[in-house]
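Here the structure is laid out as structure tokens; the discussion comes afterwards.
Every number in this text was worked out from the coordinates using simple rules, so none of it is lab data. Given the structure is predicted, the values throughout are model-derived calculations rather than measurements. Glycine also receives a Cβ, built like all others from the backbone with ideal geometry; neighbour counts cover every protein chain displayed.
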Amino acid sequence: MNGHVKAYRLYEGLFQPTTPASESNVTIGEGGWMSISAKGNISGTGILWVCELNTLHAFDASYLQNELWNSDMNPDHDDPGEMFKFSPPTIANGKVCIATFSGELAVYGQLS
């Protein structure tokens, strides 16, 4: 990817590609595989998950300048190691799963 994550508006079935509606402050390096999650149909709960080769990012899907979390914030606890290429995050039951080259599955979720 090597750039900023950008969101564009969809108006009457057409993308408005001239100016992004939202853009992250974070530069995403090699990778950029994305998935999105939300709490059902509750407005404002969307999270955009973005994988680089060694970092998982979580952005507020409605305002990409708000990075909620990334796996580099606490590397001793959250470092996934090298992630598989072309493998987007999988989200289910409040957990985010990432395939890694270590032969393990990195699973993230809320700590109790």
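Going from the residue with the fewest nearby Cβ atoms within 10 Å to the one with the most, 49, 33, 69 rank 69, 33, 49.
Note on residue 105 and residue 21: with the Förster distance fixed at 30 Å, the Cβ-Cβ geometry gives a FRET efficiency of about 0.35.
Take the alpha carbon atoms of region 18-33, find their center, do the same for region 34-97, and report the distance between the two centers in whole angstrom. Value for the Cα centre distance between the two parts: 14 Å. With an a/c value of 1.5 or above and a/b larger than b/c for the gyration tensor axes a ≥ b ≥ c computed over the alpha-carbon atoms, region 3-109 is described as prolate. For residue 33, nonlocal amide neighbours, meaning residues 5 or more places apart or on other chains whose placed amide H falls under 5 Å from its own, are 51.
3J(HN,Hα) along region 86-92, derived from phi through the Karplus expression 6.51 cos²θ - 1.76 cosθ + 1.60 where θ = phi - 60°, amounts to 6, 10, x, x, 10, 10, 7 Hz, with x in place of Gly and Pro. Taking the Cα centre of region 3-109 as origin and assigning +1 to Lys and Arg Cβ atoms and -1 to Asp and Glu Cβ atoms, the resulting dipole is close to 460 debye.
Annotation note: trypsin sites (Lys or Arg not before Pro) in region 1-73 located in DSSP loop regions with a Cβ neighbour count of at most 15 within 10 Å are 9, 39. Using just its DSSP H runs of length 4 or more, each adding -39500 (n - 2.57), the chain gives a mean residue ellipticity at 222 nm of -500 deg cm²/dmol after division by all residues. Full extension of the chain between residue 77 and residue 90 yields a length gain of 2.7 nm, computed as 0.36 nm times the residue separation minus the alpha carbon distance.
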